[in-house]
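Just dropping this structure here.
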Amino acid sequence: MEAAKWWSDRKGGGSFRGPNDSGICTFSETVVQSMVREVIQNSLDADKIDISKPTIVKFKLFTIPEADFPSVNQFKDILQKCLNCDESNRQDYDIQSIFNNALDAMNGNISVLKISDFNTVGLEGSNSGKKGTSWSRLTMDCGSANSNSGAQGSFGIGKSAPFACSALRTVFYSSLDKAGIKSTIGVARLVSYKENDYEDSWTTGELHWTNRQGMAVPELLNIDNEPPRTQSGTDIYIMGMCEEKNMEKKIVLSVVMNFLVSIWNGKLEVFVGDKVINSQNLGCIIDELYSREYEEIVCYKSGKEDRDNLKNYYSLLNMSNKKCHKIPILSSAYGSAYGFEDYEATLYLLEGDDLNRRILITRKAGMKLFEQGSISGSISFTGILTITGDNMNREFRKMEVASHDKWVPAACKDKREKDKLTDMYGDLRRLLRNIVRETMVNNSDELVDAFGVNEFLPSDNSNSMDGSSLKEKLLGVPSVKNEKDVSPAERRNHKREGGENSGLVIRPGGESAGRRFRVRKKSGKGGNSSSTSSGISVGLEKGFQNLSTSVKQSLVCLDRQNGKYLYQFVPPSNKKEKLSFYLNGEQFDARLEIEEIGIMDGAVNVVAGQGNTVILTGLRKGKLVRLNIKIPFDQYCKLEVEHYEAKK
């Protein structure tokens with residue numbers, strides 16, 4: 001058998017390959033996290049030997065002597081050609097930086113990350129090299145992905161993630177398939193270089209290590225001195241693995257952050273060095289993330305928030321308290337119009353304080369896709385939506401972007417389906433909003449008691465103004481529809497356009513600037529209100545910042561026709577606060593002018609206000625604040641209140 005070596009095709013009339021490979025650059029921002037996410041996803045998507053058992057993925061870091069790198073002298077010679085073969089390469093800063101670094105990485109011991117999967121069928125088709133086989137899709141094809149309708153991979157870009165971790169831009173694939181066929185091939189994504197001084201010797205810059213061009217070496221690669229595998233599956237060797245501090249801990253963190261549901265439901269088991277992560281010890285692993293050894297990794301604010309959200313998601317999956325709700329999705333409520341059946345998805349909801357008000361979305365393999373927001377600006381909850389049915393997986397896969405972290409109907413390959421997918425996604429968001437509202441309203445007595453509202457509400461739970469049930473008037477009643485879409489930046493700058501929303505007056509910032517509203521303050525024990533001012537200063541003070549913690553709050557509609565609401569909140573400190581009121585809609589939040597505000601607590605004062613914003617002083621940490629507000633809107637609506645705290 002001919003000895004294996006590095007092969008590269010001549011460019012011919014094709015394109016030159018530069019240093020900024022689009023697939024590699026896609027994952028360059030978070031190389032380790034992206035690599036973990038993509039390789040485990042591919043293993044979960046692979047066909048299984050035993051579907052009743054989990055897919056097992058193992059990560060192992062080690063080093064090899066330079067001499068053990070396959071065809072090392074030829075490869076180093078190729079790196080030199082990438083650097084010096086032509087004046088254009090010599091003057092390219094990126095080429096010089098990347099390939100000088102590659103030569104340094106090969107000087108002495110070479111760092112390697114081995115990723116192995118088990119209970120999979122391995123890479124089939126290596127003995128034929130036939131296009132469309134799993135071996136060809138992973139090692140030879142460009143833009144090809146798993147054809148399984150339930151698979152996460154829809155673009156084939158994810159196989160570039162390991163290359164983003166490699167200082168050598170080189171990965172080896174070694175596999176034993178279920179028929180006992182062995183295969184090894186190396187793939188290097190370099191840049192176009194000349195084999196010699198002639199112009200027609202330019203290469204494509206993509207190399208394969210094999211003994212026959214276009215085919216695999218019919219042996220297993222063994223460079224880590226471990227016994228060769230006897231079970232079917234695939235080993236991936238990332239050569240010149242990038243060196244990062246706390247590498248194994250970052251891998252553990254990425255595993256639990258992205259595959260919580262897969263591990264919890266027993267579909268995945270992961271080994272990182274000597275540490276195992278499975279459904280039995282998942283809770284202990286999450287608790288470890290709060291230990292001192294992980295503090296350096298999750299020290300930033302968003303990392304700590306993600307960790308807290310992860311713990312809440314885990315509690316929710318385990319239905320660990322009475323405020324957890326498991327809600328199967330029936331086709332009569334959603335999906336019959338799109339061919340979905342009953343129980344193709346399940347929604348888990350958790351009530352509680354200071355939750356993220358988002359729903360984690362996962363598809364069949366259980367990998368985290370994204371967290372769906374814009375559900376409710378007032379109800380504190382968290383949730384998980386698991387889409388497990390074949391029909392829903394197939395349809396939602398069509399609008400998944402290449403990075404698998406959002407749904408965009410316009411991203412579908414068949415543009416004729418864009419309108420259908422837009423409606424399908426919109427209907428799902430409406431369903432989630434409605435379930436959250438209905439679930440939380442049905443448990444609203446606990447919310448009311450938490451703020452002491454029952455002390456001053458009628459005992460029969462009805463409103464004498466119009467006879468409607470107070471439960472119908474709590475946070476989470478239907479949103480106003482048909483608003484014009486406005487970006488968050490425009491919202492922050494108060495530059496909204498008005499619409500014909502049932503009499504709602506929403507003026508642009510210039511028109512409403514300077515508008516005064518009446519302030520009424522409680523006087524005496526009887527609770528009667530008297531006017532203290534016909535208007536207040538319009539000069540809103542600066543020096544406020546977003547509150548770092550969630551504010552406990554509740555809202556009750558007292559008189560829908562006259563736009564009267566009771567808003568209550570518990571200040572997290574004694575500092576002055578700025579409150580901004582918005583009408584929470586399905587597509588955006590509209591600035592909502594306050595016509596009148598009544599202060600129910602004697603110590604609290606309004607010191608400035610205009611339009612939708614007021615500044616309050618006299619607040620006491622943990623002491624309930626009650627405000628009666630009047631708005632120019634006569635329909636049930638969702639109000640959102642943003643709180644800003646004085647910096648000093």
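Could you say which residue among E206, E244 is touching a Leu at 6+ places or on another chain (Cβ under 8 Å) and open to solvent by 40 Å² or more (accessible area, probe 1.4 Å)? Explain how you work it out, then say what you get.
Details: E244 fails: touching a Leu at 6+ places or on another chain (Cβ under 8 Å).
Testing whether each residue is touching a Leu at 6+ places or on another chain (Cβ under 8 Å) and open to solvent by 40 Å² or more (accessible area, probe 1.4 Å) leaves just E206.
Test Y644 against the stated conditions and say whether it is open to solvent by less than 10 Å² (accessible area, probe 1.4 Å), modelled with pLDDT of 85 or more and aromatic (F, W, Y).
Working: open to solvent by less than 10 Å² (accessible area, probe 1.4 Å): no; modelled with pLDDT of 85 or more: yes; aromatic (F, W, Y): yes.
So Y644 fails the test.
Here's something else I'd like to know. Looking at (1) surrounded by fewer than 19 Cβ atoms within 10 Å (Cβ to Cβ); (2) touching a helix residue (DSSP H, G or I) at 6+ places or on another chain (Cβ under 6 Å); (3) at pLDDT 95 or above, which is the only condition E344 fails?
(1)
Could you check the stretch 283-310 and list, in sequence order, the residues that are within 18 Å of F259 (Cα to Cα), open to solvent by 70 Å² or more (accessible area, probe 1.4 Å) and either in contact with a helix residue (DSSP H, G or I) (Cβ under 9 Å, 6 or more places away or on another chain) or of a type in the set (S, T, Y) (or both)?
D287, the sole residue that qualifies.
Here is a follow-up. So if I check each of L360, L431, L350, L385, which one is farther than 26 Å from I51 by Cα, part of a strand (DSSP E or B) and of a type in the set (A, V, I, L, M, F, W, C)? Explain how you work it out, then say what you get.
Numbers: L360 fails: farther than 26 Å from I51 by Cα; L431 fails: part of a strand (DSSP E or B); L385 fails: farther than 26 Å from I51 by Cα.
Being farther than 26 Å from I51 by Cα, part of a strand (DSSP E or B) and of a type in the set (A, V, I, L, M, F, W, C) holds for just one of L360, L431, L350, L385, which is L350.
Residue-by-condition table, conditions (1) crowded, with 19+ Cβ neighbours inside 10 Å; (2) within 27 Å of R433 (Cβ to Cβ):
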{"site": "Q561", "(1), (2)": "no, yes"}
{"site": "Y582", "(1), (2)": "yes, yes"}
{"site": "G602", "(1), (2)": "no, no"}
{"site": "N605", "(1), (2)": "no, no"}
{"site": "K648", "(1), (2)": "no, no"}
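Taking the condition of being over 30 Å from R430 (Cα atoms) and either among the β-branched types (V, I, T) or assigned to a strand (DSSP E or B) (or both), how many residues in the stretch 571-623 meet it?
The total comes to 17.
Turning to a different aspect of this structure: So the check is Cβ under 6 Å with 6+ separation or different chains; which pairs have a first residue in the stretch 605-617 that's without any contact (Cβ under 8 Å) to a residue 40 or more places away in the chain and a second one that's open to solvent by less than 10 Å² (accessible area, probe 1.4 Å)?
Short answer, once both residue conditions are applied: V614/L579.
I would also like to ask the following. Inside the stretch 100-131, can you point out the residues that are in a loop (DSSP other than H, G, I, E, B) and open to solvent by 40 Å² or more (accessible area, probe 1.4 Å)?
Residues satisfying the conditions are N107, E124, N127, S128, K130, K131.
Let me ask something else. Would the stretch 327-334 turn up any residue that is in contact (Cβ under 8 Å) with a residue 60 or more places away in the chain, small (G, A, S) and open to solvent by 50 Å² or more (accessible area, probe 1.4 Å)?
Scanning the stretch 327-334 turns up at least one residue that is in contact (Cβ under 8 Å) with a residue 60 or more places away in the chain, small (G, A, S) and open to solvent by 50 Å² or more (accessible area, probe 1.4 Å).
Going through K182, K178 one at a time, which residue ends up being surrounded by fewer than 19 Cβ atoms within 10 Å (Cβ to Cβ) and in contact (Cβ under 8 Å) with a residue 12 or more places away in the chain?
That would be K178, the only listed residue that is surrounded by fewer than 19 Cβ atoms within 10 Å (Cβ to Cβ) and in contact (Cβ under 8 Å) with a residue 12 or more places away in the chain.
Just give me the residues in the stretch 114-140 being under 25 Å from Q33 (Cβ atoms), out of contact with any Phe, Trp or Tyr (no Cβ under 7 Å at 6 or more places or on another chain), modelled with pLDDT of 95 or more and not acidic (D, E), in sequence order.
S116, F118, N119, T120
The values are calculated or read from the model by the stated rules, or taken from the named source; none is laboratory data. Predicted model, so just to flag it, every value in this text is computed and none were measured. All Cβ positions, even for glycine, are placed from backbone atoms using ideal geometry, and neighbour counts span all protein chains on display. Just the protein is used for accessible areas: all its heavy atoms, side chains included, with ligands, DNA and RNA removed. Shrake-Rupley method; radii C 1.70, N 1.55, O 1.52, S 1.80 Å.
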